[in-house]
Amino acid sequence: MRIFHDWRELPRDARGATVALGNFDGVHLGHAAVLRAAHVARPDAPLAVLTFEPHPREVFRPDDPPFRLTLSAERADALAGLGVDLLYELPFHPEFSLMPAEDFVSAVLHRGLEARHLASGQDFAFGHRRGGDTAFLAARAEALGMGVTLVPPLMDAEGPLSSTRIRRALQDGYPERATAELGRPWAIRGEVMHGDARGRTIGFPTANIALGRHLEPARGVYAVTVRLPSGAQYRGAANIGRRPTVNAGPESRLEVNLFDFSGDLYGQELTVALHAYLRPEMKFSGLDALKAQIAVDAAEARRRLEGVG
């Protein structure tokens, strides 16, 4: 998959695609349905996604807590896995937000991308003050010779599937629900940083990863799988939170113990996928009590991960 950060002066072979539009946070099963609809409409054209970085909410509401399910690199990997050929990841900033909806359709989609067909969810909105809705998109795009497919939300017994619903499931401590709606386990990707090495002293060395701009799920202990840059995968147990027993710091972080692994992970980028929530974060009377509970957690994580590749 090729990635472009501007719609102007694209190479000839990066134009003329069928283009799915949206933020694609999480790249969940509803997003996959939009991609399928785009491909079915014009199977002869390359499949492309147009999205934005950062997410517009990060620009308009910078003081909000981090909420992203997938950051840029993770989103790109997920889209590539769904067969996307071209990713137009346009920089979103205050100046871009002033672009009228008409210019977005005519200048970006029509003249810039030379899109053959467009697909989006029914709630897609764009342009200055979200002045363009899907009715406007359909009318203007078709007048310019671009086909449009509007995809209804994917529904189940709980209602429409959405990124908001997946965020809520993770914040409530139900990673299995997120897995069902994403089509894969939700993961945090980040670089291993130096910690206080306390885990090593009690027999459970951990890799420490900052949550950064990721959504913070329910604090506590999880059964996880960890993918290394080499592609090797390990099972493990992870704690997400502020570690009240040893250091009630102001920021939550992820600490993961990889089972049956020895080696130096500092500076490496790990992908930690959450499979099951084992217990909430809690404060223990001391390191001995913490060590005993970690052993219980590790045993339970191994049990919950049986059969997971």
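Values for this structure:
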{"item": "Extreme residue, modelled with the highest pLDDT, among residues of segment 104-156 that are acidic (Asp, Glu) and over 24 Å from the mean Cα position of the chain (by Cα)", "result": "Glu114"}
{"item": "Residue among Gly145, Gly121 that is in the same structural domain as Val34 (by TED's automatic domain parsing), in contact with a strand residue (DSSP E or B) (Cβ under 6 Å, 6 or more places away or on another chain) and of a type outside the set (A, V, I, L, M, F, W, C)", "result": "Gly121"}
{"item": "Sole residue being under 22 Å from His194 (Cα atoms), at pLDDT 95 or above and aliphatic (A, V, I, L, M), chosen from Ala210, Ala238, Ala248", "result": "Ala238"}
{"item": "Residue match in segment 267-285 (condition: more than 27 Å from the chain's Cα centre (by Cα), without any contact (Cβ under 8 Å) to a residue 60 or more places away in the chain, more than 21 Å from Leu228 (Cβ to Cβ) and surrounded by fewer than 13 Cβ atoms within 10 Å (Cβ to Cβ))", "result": "yes"}
{"item": "Check on Gly83, more than 25 Å from His214 (Cβ to Cβ), part of a loop (DSSP other than H, G, I, E, B) and not assigned by TED's automatic domain parsing to the domain that holds Thr271", "result": "yes"}
{"item": "Residues located in segment 89-101, provided they are out of contact with any His (no Cβ under 8 Å at 6 or more places or on another chain) and not in a helix (DSSP H, G or I)", "result": "His93"}
{"item": "Residues located in segment 144-199, provided they are part of a loop (DSSP other than H, G, I, E, B) and of a type in the set (Ser, Thr, Tyr)", "result": "Ser162, Tyr174"}
{"item": "Filtered residue count, segment 267-304, keeping only those that are at pLDDT below 95 and not small (Gly, Ala, Ser)", "result": "10"}
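The values are calculated or read from the model by the stated rules, or taken from the named source; none is laboratory data. Please read all numbers here as calculations on a predicted model, not as lab measurements. Cβ coordinates were reconstructed from backbone atoms using ideal geometry, including for glycine residues, and neighbour counts include every protein chain displayed.
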